[in-house]
1. Can you name the residue in segment 117-129 that is charged (D, E, K, R) and without any contact (Cβ under 8 Å) to a residue 12 or more places away in the chain and, of all such residues, is farthest from Ile25 (Cα to Cα)?
2. Just to be sure before I move on: is Ile58 within 24 Å of Asp95 (Cβ to Cβ), aliphatic (A, V, I, L, M) and part of a strand (DSSP E or B) in the structure I sent?
3. Return the pair list, or none, for Cβ contacts closer than 7 Å from residues in segment 130-145 that are farther than 17 Å from Val21 by Cα and in a strand (DSSP E or B) to residues that are hydrophobic (A, V, I, L, M, F, W, C) and open to solvent by 60 Å² or more (accessible area, probe 1.4 Å), at least 6 apart or on different chains.
4. Going through Lys53, Lys35 one at a time, which residue ends up being basic (Lys, Arg), closer than 14 Å to Thr137 by Cβ and either touching a residue at least 60 places away in the same chain (Cβ under 8 Å) or in contact with a strand residue (DSSP E or B) (Cβ under 8 Å, 6 or more places away or on another chain) (or both)?
5. May I ask you to list pairs of residues, at least six apart or on different chains, whose Cβ atoms are under 6 Å apart, with the first in segment 96-116 being under 16 Å from Ala48 (Cβ atoms) and without any contact (Cβ under 8 Å) to a residue 12 or more places away in the chain and the second being polar (S, T, N, Q) and open to solvent by less than 60 Å² (accessible area, probe 1.4 Å)?
6. For segment 102-139, which positions are within 19 Å of Ser88 (Cα to Cα), open to solvent by 10 Å² or more (accessible area, probe 1.4 Å) and of a type in the set (Ser, Thr, Tyr)?
7. Does segment 101-117 hold any residues that are outside any loop (DSSP other than H, G, I, E, B) and at pLDDT 95 or above, and which are they?
8. Kindly list the number of the only condition in (1) farther than 23 Å from Glu141 by Cβ; (2) of a type in the set (S, T, N, Q); (3) within 12 Å of the chain's Cα centre (by Cα) that fails for Asn75.
Amino acid sequence: MLYSITGIDDPLCHFLNDDPVRPHISLTERFGKNKHVIALTENDQVCAIVCVKICDHIPSNEQELLEDSSEDPSNVIFYTIWSYQSGSGQRLIRDGVEWLKQQRDFKRFVTLSPPTEMARRFHTKNGAIVFRINSDTVNYEYLNM
């Protein structure tokens, strides 16, 4: 089941302290307009978490991601994901895309990922393609979800 973590007072917010990709992004920067934190839960256990920002453009770095404050953005950017159970990250991406599509019509579903082999394996195994290689990040795009 998907659970939207709505803010710093949410009972599941403390799980954001486990973020292995971008632990330096403050809690307050993760919530607000065009920002989502989605957890995959099962039997009252958190299985995986993803942080999402809706942007007007495809950011090539974290600064661009955090600075985008467009009024009507159309690109979903997954910028950090981690799981507590094998296979949960894959389920969260798939179910998260479906949940976001129900919110409104988005143009693209793209990541802002670290340039690591682990990120490459995860995203390509789950159907993403390399959209762009940046100086210190990689954008993977999910096309057929």
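1. So, considering only residues that are charged (D, E, K, R) and without any contact (Cβ under 8 Å) to a residue 12 or more places away in the chain, the one farthest from Ile25 (Cα to Cα) is Arg121.
2. For Ile58, the condition - within 24 Å of Asp95 (Cβ to Cβ), aliphatic (A, V, I, L, M) and part of a strand (DSSP E or B) - is not met.
3. Pairs that qualify, where the first residue is farther than 17 Å from Val21 by Cα and in a strand (DSSP E or B) and the partner is hydrophobic (A, V, I, L, M, F, W, C) and open to solvent by 60 Å² or more (accessible area, probe 1.4 Å), are Glu141/Ile129; Glu141/Phe131.
4. Testing whether each residue is basic (Lys, Arg), closer than 14 Å to Thr137 by Cβ and either touching a residue at least 60 places away in the same chain (Cβ under 8 Å) or in contact with a strand residue (DSSP E or B) (Cβ under 8 Å, 6 or more places away or on another chain) (or both) leaves just Lys53.
5. Pairs found: none.
6. Thr124
7. The answer is Arg108, Phe109, Val110, Thr111, Ser113, Glu117.
8. Of (1) farther than 23 Å from Glu141 by Cβ; (2) of a type in the set (S, T, N, Q); (3) within 12 Å of the chain's Cα centre (by Cα), only one is false for Asn75: (1).
The values are calculated or read from the model by the stated rules, or taken from the named source; none is laboratory data. Fair warning: this is a prediction, and the values are worked out from it, not measured in the lab. Using ideal geometry, Cβ is built from the backbone for each residue, glycine included, and neighbour counts are taken over all protein chains shown. Note: accessible area is taken over every heavy atom of the protein model, side chains too, but ligands, DNA and RNA are not part of it. Shrake-Rupley method; radii C 1.70, N 1.55, O 1.52, S 1.80 Å.
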